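Student: Here it is, the structure in full.
The values are calculated or read from the model by the stated rules, or taken from the named source; none is laboratory data. Quick caveat: nothing in here was measured; it's all calculated off a predicted structure. Because the Cβ atoms are built from the backbone with ideal geometry, glycine has one as well, and the counts that use them run over all protein chains shown. The accessibility values were calculated without ligands, DNA or RNA, using every heavy atom of the protein model including side chains. Shrake-Rupley method; radii C 1.70, N 1.55, O 1.52, S 1.80 Å.
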Amino acid sequence: MSTVFELDPSALTVTPLADLLAASENLTLSSFGPVVTYSRKVFIPLTKLCRDVCHYCTFAATPAKLGSAFLSRDEVLAIAHTGVAAGCREALFTLGDRPEARYGAARHALRSLGHPTTLSYLREMARTVCEETGLLPHLNAGVMDKADYIALRPVSASMGLMLETASDRLSQRGGPHFGSPDKLPARRLASIEAAGLARVPFTTGVLIGIGETRAERIDALVAIRDLHRRHGHIQEVIVQNFRAKPGTRMAHHSEPSLDEHLWTIAAARLILGPEMAIQAPPNLHRPDELPALLRAGVNDWGGVSPVTQDHVNPERPWPHLDALAHATAEAGRVLRERLAIGPAFARRLDEWTEPALAKVVRRSVDARGLPVVDGWRAGSGGAVPHIRTSGDSAISAEIARIVERARTGDRLDEAWIVRLFEVDGPDVALIADAADALRREVVGEAVSFVVNRNINYTNICLFKCGFCAFSKGSTREMRGRAYRLDLGEVGRRAAEAAERGATEVCLQGGIHPDYDGNTYLDVLRAVREAAPSIHIHAFSPLEVTHGASTLGLPLEDYLIRLKCAGLSTLPGTAAEILDDEVRAILCPDKLSTDEWLEVMRTAHRAGLRSTATIMFGHVDGYEHWARHLLRVRDLQAETGGFTEFVPLPFVHMEAPIWRKGNARSGPSFREALLMHAVARLALHPLIPNIQASWVKLGSGGVVAALRAGANDLGGTLMDESITRAAGGRNGQLCDSRSMAELAAEAGRTTRQRTTLYQPITRLEPADAGE
């Protein structure tokens, strides 16, 4: 989205401030919504020696004023461990520019530490902090070249260097940068460009109020914009206001007004565009001025430390996080933590981060690239976090309009669905409440479930899906015993299920190398002979495709054979994410999106109904979720064959792709809740039933989903094994009494159903799980 100010920045100087602020706020909300980020950091001043002599700086000191030239390893680790104890995730290393070029004391200290340069010692300390504490280092190491950045890249999540100004005039005699060779704009611009060449996520910015003109600020912002256009590496731009500090040459220099800061923030947003993160330090303004900064275009507060002072502005203490959250909310925004690497870059780790650091980052973030801090994970049995239910955000009216379109049955487009998944704070409750109200209108208050048994007839599989911990890959024992049930055992389990009150058996398994299309037909016959009246819900589209291809039959012909042998309905598994961009990573040798859809289309045409699933929270993004929902909706509009939609949060603990560091740790609770709510809205009125998986969500998650649009709890699942193999801890059985207790906690009652959602008056026996 380009603006007139990107094309002609000079227009900023003649446009009224109110107009600039309004345009800037609209751009900010279009990309970031109400979310305002900050990094919970610990400040590590590795050395305060510096070869430069900036006239406003209180950070730099001379050897005579310091007890030692550098912090020792023990001192660095002590600060880092204090930060970890306070919940920090970032270690901000700040230091002067190459002090060994000016001070013999620095050279001597480095020799005693076993290092030739400050940057060499910095590399060792950053690696030590990362390895021993888990904090992600952000390095502010001054002017560097490409080789320096490449050397430091393996031990840092990001780096930074303030441009401050593009004006050479400020480096002349009498200017604030006179005598500071590293503050020459050309040198700093070259260093920022070198970071781009080294593929380093980078923070830069401008310092306003040190004698520059507005036109010179525009020049600096345009220079940053152009560097980012060439390399794409700028993760955020700081617009910092000068504060006079006692004891410096500029102690009596006038400070920029609030309006001057607002103008520059808006100029930065309008020049740099809607997707650039714009930061302003919150400790350099009064708390009551912070909402104005947000409305001007700020979407990030930078690093805020609960344990260390701002060593660059020591006279300005950090605001308490509760106070910062309150000030943020005053502007209709929601405060959320981020990592040292910006969220946009945390979503593209293979491009921007070394593998060891990428693994740490990827495992900690949600699909936005923001850290999951509430401790909830699918399958873990953890406590459900609180979701804010009161108030409005700056985009609540926009979200309400999208919700209303969905309630009328309109097909939402991809961008609208993505917007729903992006919400946070009070808008999560807005969507959940709307989905719940729609559920009440469509299917009423009863929570349905089916009494069934899972029969996973083999865990040996030819395919290598990255998410699957159930499959053993061969007949060798890997991650547990490999097995293959014989037909007699399959039939015995089906008969036992019927005797215990089950109305359905769900049959699925790996693609065994010895299986062909006749195998699946034999399985059906074995079940039908052992339990003539039971509903057979069996075979994913992958199994159907495998069976048809091994017999050389068209899909429709093979599905008719399956139906004649006793198949009643199909589970909508193997869908994962119906987007080939994701499938290429997650399950590259599996069915394509179009192939999965074609199996379902053909099955529906043959009179076999099915479920539809989504397995989410791994290598996917909100755009993929939206495409999946729309593809399911469009097929339902064509065939009407789906009985329900089943969100399946990724259970990560034993998944191979997660253990290799190549997937996130499942969705956050916010994302899992929104999946159920957004599915209710996006699939309305074509798919009336939204299921909540007690195996994945646990009891607390199920209750929350039932209050956010879900109306079904699926099956009692005697012998559930797939989620357990992935590390899930929510059990193998949820009998009718347990289902009733879950529904009651959500203020609802239960009803037993058939696979096709017909009511059943009798309930399963009380001892069905024994």
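Student: Going by Cα centres, region 382-439 and region 190-266 are how many Å apart?
Tutor: With region 382-439 and region 190-266 each reduced to a Cα centre, they are spaced 37 Å.
Student: With only alpha-carbon pairs counted, each pair once and no self-pairs, how large is the Kirkwood hydrodynamic radius of region 1-120 in angstroms?
Tutor: 18.3
Student: Using only C-alpha atoms and all pairs of different ones, pull out the Kirkwood radius for the chain in Å with one decimal.
Tutor: 28.5
Student: Through the Karplus equation 6.51 cos²θ - 1.76 cosθ + 1.60, θ set to phi - 60°, convert the phi angles of region 657-662 into ³J(HN,Hα) values in whole Hz; use x for Gly and Pro.
Tutor: Calculated HN-Hα couplings, in order: 5, 6, 4, 7, x, 9 Hz.
Student: Now for a separate question. Using only Cα positions of region 360-411, each an equal point scatterer, no hydration layer, compute I(q)/I(0) via Debye at q = 0.14, 0.15, 0.16, 0.18 Å⁻¹ and quote the log10 values to two decimals.
Tutor: Reported log10 I(q)/I(0), two decimals: -0.66, -0.74, -0.80, -0.89.
Student: Here's another thing I want to ask about it. Whole percent per 5 Å bin, from 0 to the bin with the longest distance: what is P(r) over all C-alpha pairs of region 169-307?
Tutor: 2, 9, 18, 21, 21, 17, 9, 3, 0
Student: While we're here: Taking H as built 1.01 Å from N, whose amide H comes closer than 5 Å to the amide H of Ile44, not counting residues under 5 places away?
Tutor: Leu92, Phe93, Thr94
Student: Suppose all protein chains stay in the model; what accessible area per residue would a 1.4 Å probe give for region 128-191, in Å²?
Tutor: 35
Student: So, one more: Quick one: accessible area per residue over region 513-613, 1.4 Å probe, rounded to a whole number of Å²?
Tutor: With all protein chains present, region 513-613 gives 36 Å² per residue.
Student: In whole percent, what relative contact order does the chain give with Cα contacts below 8 Å and a gap of six or more residues?
Tutor: 13
Student: Return P(r) of region 58-124 (all Cα-Cα pairs; 10 Å bins starting at 0; whole %; ordered from short to long distances).
Tutor: 18, 49, 27, 6
Student: For region 338-384, max minus min Cα coordinate along each principal axis, in Å, sorted largest first?
Tutor: 34, 18, 14
Student: With each run of n ≥ 4 DSSP H residues scored as -39500 (n - 2.57), what mean residue ellipticity at 222 nm is computed for the chain after dividing by its residue count and rounding to the nearest 500 deg cm²/dmol?
Tutor: -12500 deg cm²/dmol
Student: If you bin the C-alpha pair distances of region 590-694 every 5 Å from 0, what whole percents do you get?
Tutor: 2, 12, 22, 22, 19, 13, 7, 3, 0
Student: Could you tell me the relative contact order of region 563-682? Use alpha-carbon pairs under 8 Å, at least six residues apart, and round to a whole percent.
Tutor: It rounds to 27 percent for region 563-682.
Student: So which lysines can Lys245 reach, going by Cα to Cα under 23 Å and dropping same-chain residues fewer than 8 places off?
Tutor: Output for Lys245: Lys48, Lys65, Lys183.
Student: Which residue, Thr128, Leu553, Leu335, has the largest displacement toward the positive end of the dipole of the chain when charges sit on each Cβ (Lys, Arg +1; Asp, Glu -1)?
Tutor: Thr128
Student: Output the peptides 444-451, 550-557 sorted from most to least packed, where packing is the average of other Cβ atoms within 10 Å over each peptide's residues.
Tutor: Descending packing order for the listed peptides: 444-451, 550-557.
Student: For region 175-214, just the Cα atoms, rotate onto the principal axes and tell me the three extents in Å, largest first.
Tutor: Ordered largest first, region 175-214 gives principal extents of 33, 21, 12 Å.
Student: Return the percentage of antiparallel bridges among DSSP beta bridges fully within the chain, rounded to the nearest 5 %.
Tutor: DSSP beta bridges in the chain are roughly 5 percent antiparallel.
Student: Taking +1 at the Cβ of each Lys and Arg and -1 at the Cβ of each Asp and Glu, which of Gly640, Ala574, Val702 sits farthest along the dipole of region 558-717 towards its positive end, judged by Cα position relative to the Cα centre?
Tutor: Val702
Student: Turning to a different aspect of this structure: Taking all protein chains in place and a 1.4 Å probe, what share, in percent, of the accessible surface of the chain do carbon and sulfur account for?
Tutor: Carbon plus sulfur share of accessible area: 51 percent.
Student: First measure r as the distance between the Cβ atoms of Ser257 and Ala400, then evaluate 1/(1 + (r/R0)^6) with R0 = 41 Å and state the FRET efficiency to the nearest 0.05.
Tutor: Result of the calculation: an efficiency of 0.65.
Student: Further, regarding this structure: Given a Förster distance of 45 angstrom, what is the FRET efficiency for Asp322 paired with Asn518, based on the Cβ-Cβ distance and rounded to 0.05?
Tutor: 0.10
Student: Determine which lysines satisfy two conditions relative to Lys464: a Cα distance under 27 Å, and not lying fewer than 8 residues away in the same chain.
Tutor: Cross-link targets: Lys359, Lys472, Lys590, Lys660, Lys696.
Student: Moving on to the next point. Averaging the inverse of every distinct alpha carbon separation and then flipping it gives the Kirkwood radius. What is it for region 40-186, in angstrom units?
Tutor: Mean inverse Cα-Cα distance, inverted, gives 15.9 Å.
Student: Pull up all non-local amide H partners of Val35: gap of 5 or more, or a different chain, and H-to-H distance under 5 Å with H placed in the peptide plane.
Tutor: Long-range HN contacts for Val35: Val334.
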